[in-house]
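To start, the structure itself, in structure tokens.
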Ligand SMILES: [Zn+2]
């Protein structure tokens, strides 16, 4: 995924790479390997399979307890996602289950999820809190993310999503004050990013702007859940604040897309959530025209996308939206890495990058999206080490 003269993705036929201490030190043609590198460690033969950079998932919600399988069944029978976001249902139900779970329970659940990410070729995830939604329970969620990062080969980049929704039973203004005055300063050491969901049923444009402006002043990098369910100012706020990502964007306007491209923001698209909620197609052509980088993410969450499979999301983006296999491969590697400020480190294979690879049993690297819902990842290498489930 490093542009070369003959190929924008720098494919190497009969390639090899060498890594030391988890970083790539050499990459090129197999026939040059032994003359250019002193080999003194373990060898891994990919036996002619395709080797791609480990996939990068730029939007996941892996810290939660409980199930909403019955709500999924209702939606299949015609109930709208939005209609489920009231009372003790929807996100409120996951908040309750997550608050009732202790750290070790949440850690076990998150750890199982990391195994499924790695099994499907993902080696880096952005991971949000957002089902605790008070000082103690958001702190607990961040603790789970720290601990799971220590236990797994998966790279886990933490995002504080206290502005997911206003939790049940709390007055709106009081909750916002608590996020801005207590949680944002307290969690700065533990989260790289701060995210907010800017639209009903979550936060208004004014609330989002106030909160994210404060987060930015404290040194957080910004992400925004924007224009997923209806048109709104979310994408404008992302552009104004120079957000690293604006996510979902089904209802973004051409002017907003241009503004995001000019701000250097990455569009993080979530095809599986769009698929299960029967959302409209995002304005892909306008994004292409504006040269807005499009990342593809799983959006793993218990409500709209209970899937750690980025290849499945890539297939959906091709089939449902007409993105090309090459576009979605770039979306799940280089563009996703850019949204996480990991350009040159993750989502590509080059000297200095992480030695993170997925080995594919496919005819070409981009054919990964052709195998719909079938895992063709035969090995995952993270930090130079072959991953095995733990
Ligand atoms: Zn999300």
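Restricting attention to the stretch 252-264, the residues being crowded, with 24+ Cβ neighbours inside 10 Å and more than 16 Å from the ligand (Cβ to nearest atom) number 3.
Considering only residues of the stretch 226-247 that are touching a residue at least 40 places away in the same chain (Cβ under 8 Å) and closer than 13 Å to residue 274 by Cα, which is nearest to the chain's Cα centre (by Cα)? The selected residue is 247.
Across the stretch 265-278, the qualifying residues are those that are in a loop (DSSP other than H, G, I, E, B) and modelled with pLDDT under 95, and the one among them that is farthest from the ligand (Cβ to nearest atom) is 278. Annotation note: of 275, 203, 187, the sole residue that is over 30 Å from residue 79 (Cα atoms) and touching a residue at least 12 places away in the same chain (Cβ under 8 Å) is 187. Every test in (1) free of Cβ contacts under 8 Å to residues at least 40 places away in the same chain; (2) assigned to a helix (DSSP H, G or I); (3) under 19 Å from the mean Cα position of the chain (by Cα) is passed by residue 148 save one, and that test is (1).
Okay, residues lined up against (1) more than 27 Å from the chain's Cα centre (by Cα); (2) surrounded by fewer than 19 Cβ atoms within 10 Å (Cβ to Cβ); (3) modelled with pLDDT under 95:
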position	(1), (2), (3)
21	no, yes, no
49	no, yes, no
59	no, no, no
74	no, yes, yes
87	yes, yes, yes
96	no, yes, no
114	no, no, no
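Can you find even one residue in the stretch 362-377 that is within 29 Å of residue 242 (Cα to Cα) and away from the ligand (no atom under 16 Å from the Cβ)? No: zero hits. Regarding the stretch 127-140, can at least one residue be identified that is within 16 Å of the ligand (Cβ to nearest atom), touching a helix residue (DSSP H, G or I) at 6+ places or on another chain (Cβ under 9 Å) and closer than 17 Å to residue 346 by Cβ? Yes, there is a match, as at least one residue in the stretch 127-140 is within 16 Å of the ligand (Cβ to nearest atom), touching a helix residue (DSSP H, G or I) at 6+ places or on another chain (Cβ under 9 Å) and closer than 17 Å to residue 346 by Cβ. Would the stretch 305-320 turn up any residue that is closer than 27 Å to residue 220 by Cβ, modelled with pLDDT of 95 or more, in contact with a strand residue (DSSP E or B) (Cβ under 6 Å, 6 or more places away or on another chain) and more than 16 Å from the ligand (Cβ to nearest atom)? So far as the stretch 305-320 goes, no, none of its residues is closer than 27 Å to residue 220 by Cβ, modelled with pLDDT of 95 or more, in contact with a strand residue (DSSP E or B) (Cβ under 6 Å, 6 or more places away or on another chain) and more than 16 Å from the ligand (Cβ to nearest atom).
The values are calculated or read from the model by the stated rules, or taken from the named source; none is laboratory data. Not measured: the values here are computed from a predicted model. In this analysis, Cβ positions are derived from the backbone assuming ideal geometry, glycine residues included, and neighbour counts consider all displayed protein chains.
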